[in-house]
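This report concerns only the one structure given below.
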Amino acid sequence: MSSQDTAAPDASSSHNGKGEQNYGRLGFFLCWAVVFADIGTSVYYVPGILYGQVGKLAGFFVFLTMAVFVLLTLKYSEVTYRYPQGGGVVTVSANAMKPWVGALGGMFILVDYFLTAAISSLSGLIYFSVVAPHVGPMVLPITLIVLALLGLLNWWGISESAIVSAVGAVIAFISDIAILIEIFTHESIQTILNTIPLMFSGKPLTGLTLLTGFAGAFLAFSGLESISQLSPVMKIPRKRTGRLALLLVVLTIGITSPLLTLFSTTLLQNAANVDPNQFISLLGGKYSQVLGIEVAISASALLIFASNTAIIGTYHVFLALSRMRFFPNFVEHRSAWRGTPHYSIALATGIPILILIVVRGDIIILGDMYAFGLLGAFSLTCLGLDIVRSRERRRHKERERLKKLAQAGNLSNITGLHPILPQTQNPIVAPVSTPIFVLGIVTTAIVILAWSTNLIFKIPATIFGGSVTIAGLGIAYWNYQRLAKRGRPMVYPTEIHAPIPGSVLAVLPDASEGREAVARAACAEADDRAIVFVYRGQSTRTQAPRLFETVDPYFEDEPAKQAFGEAESIAREKNVKRHYVYLSKAPDAIFQFWQILRPRDTIIVDEDSQIAHTLAPDLVRLSPGPGGQVTHLIKRWQSPSTVGM
């Protein structure tokens, strides 16, 4: 959300000892493991849910949706290196559109996590009842107890472990492959080929069925969004790590999920008379009782683990939204004894428990409700990335135009203008090609179509998801207004990649007195011109990021938020146009941004007097005013569009 968010950590990290370090970070295999431990659990309950909705067509729709899943992985791979601070849909949508759209994305992912925790824990206990039948009649109360225990464990301070995820993911993948091997060794080729016409022998494939089945099958790929939450802990370069991890995800999911769905809904004898929520274990048990029991036990354990992962992801989203001041700061309070965010953890476990009680443990209803948050998060992420790509392409065209002018000698008389400016503040990300850009838009349209279908035809999901989203946004608006009335308005920095002609650059110093002087002087100079308030901050983080944690330098920088809040209070009084940019403490950060912005007036105080020597202004003017004396550095820029005319 700040200009520092998308700085180029990967670029400086290719050299050992510089920039970000790879020590303790996750390589592509562990990133795959964390994602597969989430997305790989979907195969245990999705075939049964889809079977209840579309019958034997379940396998067809998972195969169909698999193609869109591949396209989605291309976009999520890009998210991992464009937004190294993590945050997923919250960061992407806030950066691409508006901060409040980021809050909306936060509500969507919370709905997704709430349902993940509920449906995974319930499904885990259902699978466990295969080996412990006496658990069956008590699945719901035991599930509630398990969720409560997971909440207690998180309050106690259990650590998220990628190694544990790797063990679970490998066991799950081997179990899935073992089932497929059993099928191909016990069934004839003809029987296997007959599953294809058998798949279409149930419900007719009407237009409405095609739409609803396709939209519902996205549930088979829930968990993909977790890759974007891993960005802060990925090994550098993130681009390579993310791509390899998602390539492995596509291969392993592509081999297992569509085939297991097809076979479990066509090869099981009397499938309509067995518990569809145990399909995968029953499929394994059809050929080997030992394998059936092993799948039931491993599925149960992995589903409970996925439920815990969802709880961890939930409270990290709560913490991120609180740091952005959308949620009250009590959400960030930590237990004096254990040092864990107990209120966030209580919400992360209490809401799924409440959901399970309300729906009385009906996994079909949970599956319907799941789609709202999942597809909403997919849609916003895809749309946000399309907008960012479009801006990147426009900036690239402008840079190329200026570069050609410079090569022709038409920019030689523009003092202080770098020949290829305006530069991007994220040089590691090159504009995508036209085919990739168009393919991304098509992906977005398909995902939004699926989400819209669910909104219309899955009313329980729309009611639940819409209610949670509206309630969350209502709390965010109330908290935002409450802080503004107390003189602590929240400011969300933006990125500026191109000149703003005639603008005023106001460099906010560390001292509060100087900030007031700069802010008031800038407002006095503004007239109809835009003011760009800049603050140079530095990270105060002392510990490495944890799994699913959002690491945003601005929202962790309290002095920066205070400085921008003070400037915003003054700017609101004067009702001026303003932008806020958060930069690093690098010595040349102001100079580089000044070249991009090309302001008419740069306002500083004595504390920042060294800036005057680097900017080489045409005129220096001292101005006494409210809050103290400031220095105006005036620069008369020549517009590239008028050069050579």
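The values are calculated or read from the model by the stated rules, or taken from the named source; none is laboratory data. The model shown is predicted, which means the values in this text are computed figures rather than measured ones. No Cβ is skipped: glycine too gets one built from the backbone with ideal geometry, and neighbour counts run over all protein chains shown. Just so you know, the surface numbers come from the protein's heavy atoms only, side chains and all, with ligands and any DNA or RNA stripped out. Shrake-Rupley method; radii C 1.70, N 1.55, O 1.52, S 1.80 Å.
Considering only residues in the range 509-531 that are among the acidic types (Asp, Glu) and either more than 17 Å from GLU573 (Cβ to Cβ) or out of contact with any helix residue (DSSP H, G or I) (no Cβ under 8 Å at 6 or more places or on another chain) (or both), the one that is least open to solvent (accessible area, probe 1.4 Å) turns out to be GLU525. Can you spot a residue in the range 620-640 that is assigned to a helix (DSSP H, G or I) and more than 14 Å from VAL504 (Cβ to Cβ)? Among the residues of the range 620-640, at least one is assigned to a helix (DSSP H, G or I) and more than 14 Å from VAL504 (Cβ to Cβ), which makes the answer yes. Among all positions in the range 194-213, there is at least one residue which is part of a helix (DSSP H, G or I), modelled with pLDDT under 95, surrounded by fewer than 16 Cβ atoms within 10 Å (Cβ to Cβ) and over 38 Å from the mean Cα position of the chain (by Cα). Inside the range 546-572, residues that are among the charged types (D, E, K, R) and without any contact (Cβ under 8 Å) to a residue 40 or more places away in the chain make up a count of 2. Residues in the range 458-471 include none that are open to solvent by 50 Å² or more (accessible area, probe 1.4 Å) and charged (D, E, K, R). Is it the case, given these coordinates, that ASP368 is without any contact (Cβ under 8 Å) to a residue 40 or more places away in the chain and open to solvent by 20 Å² or more (accessible area, probe 1.4 Å)? Answer is no for this residue.
GLN289 meets the conditions (1) at pLDDT 95 or above; (2) more than 31 Å from the chain's Cα centre (by Cα) in every case but one. The failed one is (1). Scanning the range 533-555 for residues that are farther than 21 Å from LYS235 by Cβ, in a loop (DSSP other than H, G, I, E, B) and open to solvent by less than 40 Å² (accessible area, probe 1.4 Å) yields TYR554, PHE555.
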